[in-house]
Amino acid sequence: MIVLTLDAGGSKFVFSAIKDGKFIGESKKIPSNGHDLDKCLLGIIDGFKQQQKAVGEPIDAISFAFPGPANYREGIIGNTENLKGFRGGVPLKAMLENIFKVPVFINNDGDLYTYGESLAGSLPLINAQLQKAGNKMQYHNVVGLTIGSGFGGGFVHDKVLITGDNVTACEIWKMSNRLDPDRNCEELIAIRSLRRFYSEYAKIPFDDTPMPREIYLIGMGKEKGNKTAAKKAFFRMGECLGDAVANMITLFDGIVVIGGGVSGARELIIPGVEKELKHNFLSLSRITQNVYCLNKPEQLAEFVKPESKTLKVPLSDKTVEYSYMPKCGYVFSSFDTSMMINIGAYHFAKEMLNK
């Protein structure tokens with residue numbers, strides 16, 4: 001099975017081809033030109049045609065991630081923030097099916113990222129580590145979170161991508177945050193929020209604030225700058241992320257996988273996440289499960305360790321094993337986010353064609 005894929009971002013589009021779950025050939029990057037609809041559409045068509053030509057075989061489908069809001073089921077792109085040329089609604093799926101004569105599937109990047117991580121990324125790796133440790137527990141639920149220019153997410157249950165009736169199953173970016181009730185979640189967990197935090201702590205104008213990569217290097221002591229402000233900025237983002245993780249774990253019991261460009265600064269983000277996850281309510285714990293950071297070897301070892309005891313069945317000579325400690329984990333993924341999005345797109349097309 002051959003599927004052409006695309007990871008569409010606000011500034012660039014990355015086209016790939018996947019055969020039997022593996023990338024073939026080289027990916028191609030082009031500017032998105034999202035402000036100019038005609039230029040953008042011609043770029044999308046040309047990008048897929050070049051991948052199709054490079055493959056040299058008939059393709060089975062086109063499947064890709066595209067920013068919303070959108071009616072993904074119908075493949076109609078709506079009033080996207082970073083690709084303003086699509087405002088008013090553009091039937092992208094119908095256009096591509098008319099040109100390429102194959103089924104076309106479009107989804108949110110957070111959904112496809114989660115799907116890729118659940119099938120070929122962090123979840124299989126975690127379950128393999130549990131098996132190796134002699135732990136019979138296997139996880140089937142994944143909450144995927146991406147931190148970049150925005151804050152996105154997705155849910156997967158037992159290899160099935162969960163989509164809502166309005167195809168808005170995990171619009172996590174609009175969640176509230178107890179650290180700043182006047183701002184939605186994304187305003188505290190994204191590139192612009194990290195820069196705003198640094199600007200505030202370093203007491204410099206926002207326009208003079210460096211981008212996340214440089215703030216990270218400053219915080220790690222690898223570049224000149226206000227190291228204290230950088231570490232405080234990432235810590236505060238971590239607290240906000242921890243609040244979101246706590247809410248997600250409460251709603252959807254499973255493994256939380258975190259990706260996106262900003263997630264590469266996990267050393268500076270995790271302390272804030274841990275502080276927030278340890279916050280309890282006055283009379284009870286905030287989270288039912290024991291939560292572990294799976295990027296930390298000592299916490300990973302505790303997570304995979306079997307926790308059970310033998311119970312005698314009343315009025316019988318039989319016994320049963322009782323796993324008495326509910327566990328949950330979050331992990332900053334070691335896999336490339338764009339690769340996972342494309343893998344998710346491939347598997348979603350495969351699932352839909354099998355149906």
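The values are calculated or read from the model by the stated rules, or taken from the named source; none is laboratory data. This structure is a prediction, so every number in the text was calculated from the model and none was measured. Counting neighbours? That spans all protein chains shown, and the Cβs are built from the backbone with ideal geometry, glycine included.
Miscellaneous remarks
- Just one of (1) outside any helix (DSSP H, G or I); (2) within 23 Å of A8 (Cβ to Cβ) fails for D111. It is (1).
- Restricting segment 298-337 to residues that are without any contact (Cβ under 8 Å) to a residue 24 or more places away in the chain and of a type in the set (K, R), the residue that is nearest to A8 (Cα to Cα): K309
- Scanning segment 191-216 for residues that are on the phi > 0 side of the Ramachandran plot and under 22 Å from the mean Cα position of the chain (by Cα) gives no hits.
- Within segment 247-271, if we keep just the residues that are modelled with pLDDT of 95 or more and hydrophobic (A, V, I, L, M, F, W, C), the residue that is surrounded by the fewest Cβ atoms within 10 Å (Cβ to Cβ) turns out to be L268.
- Pairs are defined by a Cβ separation below 6 Å, a sequence spacing of at least 6 or placement on different chains, a first member in segment 183-212 that is free of Cβ contacts under 8 Å to residues at least 24 places away in the same chain, and a second member that is of a type outside the set (S, T, Y); the pairs so defined are N184/K174; S199/F206; T209/R195.
- Residue within segment 274-285 that is part of a helix (DSSP H, G or I), over 30 Å from T163 (Cα atoms), in the same structural domain as P212 (by TED's automatic domain parsing) and not hydroxyl-bearing (S, T, Y) present: yes
- Residue tally, condition in a loop (DSSP other than H, G, I, E, B), closer than 30 Å to F23 by Cα and among the hydroxyl-bearing types (S, T, Y), over segment 298-355: 2
- Restricting K203, K232, K275, K224 to those that are surrounded by 18 or more Cβ atoms within 10 Å (Cβ to Cβ) and either more than 15 Å from Y330 (Cα to Cα) or out of contact with any strand residue (DSSP E or B) (no Cβ under 9 Å at 6 or more places or on another chain) (or both) reduces the list to K232.
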